[in-house]
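Just so you know, all these numbers are worked out from the coordinates, no wet-lab data involved. Because the structure is a prediction, the values reported are computed rather than measured.
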Amino acid sequence: MRISILFLTLFLSLVFSQEIKDETFKSYYSNGQLGYEGTFKDSERDGPWKSYYSNGQLEEEGVFKNGKLDGPYESYHSNGQLYREGAYKGGKPDGTVKSYHSNGQLKQEGTYKDGKPNGFWKSYYENGQSQAFYYFINGQLKFFEQNSNKGQLNFIATTNKIINNQKQNVE
């Protein structure tokens, strides 16, 4: 396994160290399955890119602009279920993002602003029950509430203290 990772790292460094101008790039697994596909413009990834698991299943897809993710992005569990969906702007997450458990149930949802978590976020157990609520301001966690997988309140925390079984407003 370590040799495979080393080989892949060496291969990718050779490919990306060379100047690639305006062309389509495809990479394949040893079993013949497509691993990556996308386009370069002025030696940077530009346009739609896709990567695949070794069984041919789509792993992730996104849009690049000047070498950075810029536009819609999705990634998938190896079973084909959607894992994460959202968007990027200039290489940073931007807007609403959602992630899912491998059974298709919503795992987490929230919003990014300027590449940082912002506002209310929610997470869920695989059974669909609410797991936690978070509140971020410019990437800093200000409030956290966790529930058990049976929907019962475990605890609430603010930036500086934990408040047992009591809700408190964050200013």
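Rg/Rh for the range 20-93 stands at 1.00; both radii use Cα atoms, and Rh follows the Kirkwood definition. Computed 3J(HN,Hα) for the range 95-111, one whole-Hz value per residue from the Karplus formula 6.51 cos²θ - 1.76 cosθ + 1.60 where θ = phi - 60°, is x, 6, 10, 10, 10, 10, 6, 5, 8, x, 5, 4, 9, 7, 9, x, 10, glycine and proline marked x. Using θ = phi - 60° in the Karplus curve 6.51 cos²θ - 1.76 cosθ + 1.60, the 3J(HN,Hα) couplings for the range 61-72 round to 8, x, 10, 10, 9, 6, x, 10, 4, 7, x, x Hz; x is entered for Gly and Pro. Distances between placed amide hydrogens fall under 5 Å for Thr96 paired with Tyr112, all partners being 5 or more residues away or on another chain. With θ taken as phi - 60° and the Karplus curve 6.51 cos²θ - 1.76 cosθ + 1.60 applied, the whole-hertz 3J(HN,Hα) list for the range 84-89 is 8, 9, x, 9, 10, 9 Hz, x standing for glycine and proline.
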